[in-house]
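The values are calculated or read from the model by the stated rules, or taken from the named source; none is laboratory data. Please read these numbers as outputs of a predicted model, since none were measured by experiment. Every residue, glycine among them, receives a Cβ derived from its backbone with ideal geometry; neighbour counts consider all protein chains shown. Note: areas computed on protein heavy atoms with side chains; ligands, DNA, RNA excluded. Shrake-Rupley method; radii C 1.70, N 1.55, O 1.52, S 1.80 Å.
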Amino acid sequence: MPFLSLTSWSLHRNLGPLRWTRWDERNRSQITVAQEQPELIKLLELPAIVANKGFKSLEICEFHFPDTSEGYLQKLRESFAEAGVRFYTLLIEYGDISSPDAARRQSDIDWIKGWIDIAARAGAERVRVIAGDAEPGDEQALQRSADALRELSKYADTVGVRVVTENFHLLTSVADNCLALLSACGEQLGLTSDFGNFKGDGKYSELAKTIPLSESIHAKAQTDADGIPEESDFIRCLQIAKEAGYEGPITLVYDGPGDMWAGIERVRRLAAPYLN
């Protein structure tokens, strides 16, 4: 049966500054830009908090790490072990491995490898790598992405981490590209399906293609201006997962307004009938 999971994005207004990585074209390198947010919860405290709320696993966005020193990563690893919560995925939020700019693409690949090392030291089982920002019809970009994902997957395997990609950003905004990357990379690459990332009339048929091959689901509910989820859409997505026999984590994603824990609980109530 699927089990309950949470992403740190669902608490992004509570975990301190967001450290966004951007490509600086002038200097031809990555830079970090901090977006100030209150630190109401320390990241080291989060595994114990989610364990007490009944979550079995946690995913952490790379920009939520306040420190990547060896000492801090060991403390984070210990916090997961003590809480009895799986560090399911470290979500790498930057990188365009589909870029036609060879130097920028290789720089991003090398930067991602650095985060794979961090994931290994922190005890993460997986890293999520974005397939790219190219248009979905760009076959050459899809090939560049596949080549990079194979390279990253082989590298991650040497440190005991698995690479997954997601239906996230332009290149994988269509299911067929997700499937093409899985085919090109074989068993080395995994997939995450996000309920909220496919758009338009074909959303449900697209999810029906990717969910059976996914090892994690980002259960993102569409919300109104008051943070109330669109129940029929969310339940239909959950039903697709049930019909596919999906058995991995249902990672709740709340990014609406208001109190974030309250928003998470509203989504959780809808997901509860589909969990063990």
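Some values worked out for this structure:
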item: The stretch 128-276, accessible surface, carbon-and-sulfur percent (1.4 angstrom probe); result: 49 percent
item: Segment Gln239-Ala272, length gained on full extension (0.36 nm per residue, minus Cα span); result: 10.7 nm
item: Computed lengthening from Leu40 to Tyr72, 0.36 nm per intervening residue step minus Cα-Cα distance; result: 9.6 nm
item: Against the rule of thumb 2.2 N^0.38 Å, how large the Cα Rg of the chain comes out; result: 0.96
item: Highest average packing first - 239-248, 202-211, 84-93, Cβ atoms within 10 Å; result: 84-93, 202-211, 239-248
item: For the stretch 155-199 versus the stretch 217-276, the gap between their alpha-carbon centres in whole angstrom; result: 21 Å
item: Greater than 19 Å apart at Cα, pairs in Lys154/Lys220; Lys199/Lys242; Lys209/Lys242; Lys56/Lys199; Lys75/Lys113; result: Lys154/Lys220; Lys199/Lys242; Lys56/Lys199; Lys75/Lys113
item: In Hz, Karplus ³J(HN,Hα) per residue of the stretch 246-254 (6.51, -1.76, 1.60; θ = phi - 60°; x = Gly, Pro); result: 5, 10, x, x, 9, 8, 6, 10, 10
item: Kyte-Doolittle mean at least 0.5 and Cα axial length at least 27 Å: DSSP H helices in the chain; result: none
item: Contour excess over end-to-end distance, with Cα ends at Ile228 and Arg26 and 0.36 nm allotted per residue; result: 68.5 nm
item: Label-point separation, Asn52 to Asp110 (7 Å along Cα→Cβ), nm; result: 4.4 nm
item: Theoretical FRET efficiency, 1/(1+(r/R0)^6), r = Cβ-Cβ of Asp101 and Glu187, R0 25 Å, to 0.05; result: 0.25
item: ³J(HN,Hα), Karplus 6.51/-1.76/1.60, whole Hz, each residue of the stretch 45-53, x for Gly, Pro; result: 7, 5, x, 5, 5, 5, 4, 5, 9
